[in-house]
Structures are given as structure tokens and as C-alpha cells.
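Some notes on the structure that comes next.
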Amino acid sequence: MKFVGIDLAWGEKNPSGLCWLELQGTALTMPSHPLRPVGHSNVLKSLDEIVASNEAALVAVDAPLVIPNQRGPRICDALIDDEYEAKHAGCYPMNLGSQFAANLLSFSDKLVGARVQARLQFARTTGGTSTH
């Protein structure tokens, strides 16, 4: 089982960050230094290299991948800001009018689509015996 964290750059020109831990028995290890791929397609390629299609993984992405609002902050951003803004730990507001919105939603679609396709292919080739 792998645990992958992605600090996703909002644009295509800045590097993202990926790191992962691997659980083998009761030992949790960090098998490599973090990666810093530039461009969302390279983030997905790095993820494919880290996690095989038949391997269990929990992937956490630090980026707004669900953006339902046309303007203003998302409800979740406003709630976090209410709680943490005084501690200088608020959120960057995201909405569909942002210059980054289309890029982030495209990454979200590719991330979900690629994982679903990989799981379907694994199920087809193994007769559906996937345990994850």
C-alpha cells in the first residue's frame, strides 16, 4: 500500500511536488526523495511510475479539484478562512472565473479518468479479482 501526497502547482510552468510512503507489513518507509515535476501531464506520469495500476494507494492532492462556484470563494474555503485566517493560514479563493480553474479541472478529470481506466483494465485482465 502506498500513500502519495501531491502539492499541485496551479499552473503548468511551476513545479508540483510529489512524495510517497510505502507500507510493507508494519514498516512505513519513504523509498525516494520527493519529485518536482513541471506540468500536470508530468505529475500524472510520475504518479503512474510510483503506483502500479494493480496496486492499492491513497492519493491526496493539495489543490482545488472541485470548483462549483462561478464567483467568490468556495464554501469550504470560506469556512477554513473563518477558522484560520487570523492565524495567517487561510485559503486562496478559487472559482470558475479564475485563470487557473480550467487547468485544475482538466487535471482532476485526467487524474480520475486515468485511475478508473487502469482499474477497469486490471479488472478485465484478472477476471475482476481486484481487492481494492
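Quick note: the coordinates plus some simple rules give every number you see, no bench work behind them. Since the structure is predicted, the reported quantities are computational estimates derived from the model, not experimental observations. Note that we place each Cβ from the backbone using ideal geometry, even for glycine, and neighbour counts take in every protein chain shown.
One table, with the values for the structure above:
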quantity: Given the chain, longest segment not containing exposed loop GluC sites (Glu not before Pro) (DSSP; at most 15 other Cβ within 10 Å); calculated: 56-132
quantity: With at most 15 other Cβ atoms within 10 Å, longest stretch of the chain clear of loop trypsin sites (Lys or Arg not before Pro) (DSSP); calculated: 72-132
quantity: Of Lys45/Lys87; Lys13/Lys87; Lys87/Lys110; Lys13/Lys110, those spanning more than 28 Å from alpha-carbon to alpha-carbon; calculated: Lys45/Lys87; Lys13/Lys87; Lys87/Lys110
quantity: Choice from Ile67, Ile50, Ile75 with maximal GNM fluctuation in the chain (Cα, 10 Å cutoff); calculated: Ile75
quantity: Kyte-Doolittle mean at least 1.6, axial Cα span of 20 Å or more - DSSP H helices of the chain; calculated: none
quantity: Computed E for Ala102/Thr26 - FRET, C-beta separation, R0 35 angstrom, nearest 0.05; calculated: 0.20
quantity: Residue-averaged 222 nm ellipticity for the chain, from DSSP H runs of 4+ at -39500 (n - 2.57), nearest 500; calculated: -12000 deg cm²/dmol
quantity: Cα gyration tensor, the chain - rounded (a/c under 1.5), prolate or oblate; calculated: prolate
quantity: Highest-MSF residue in the chain out of Ala101, Ala52, Ala63 [GNM, Cα springs under 10 Å]; calculated: Ala52
quantity: Cβ charges +1 (Lys, Arg) and -1 (Asp, Glu), total dipole of the chain, debye; calculated: 440 debye
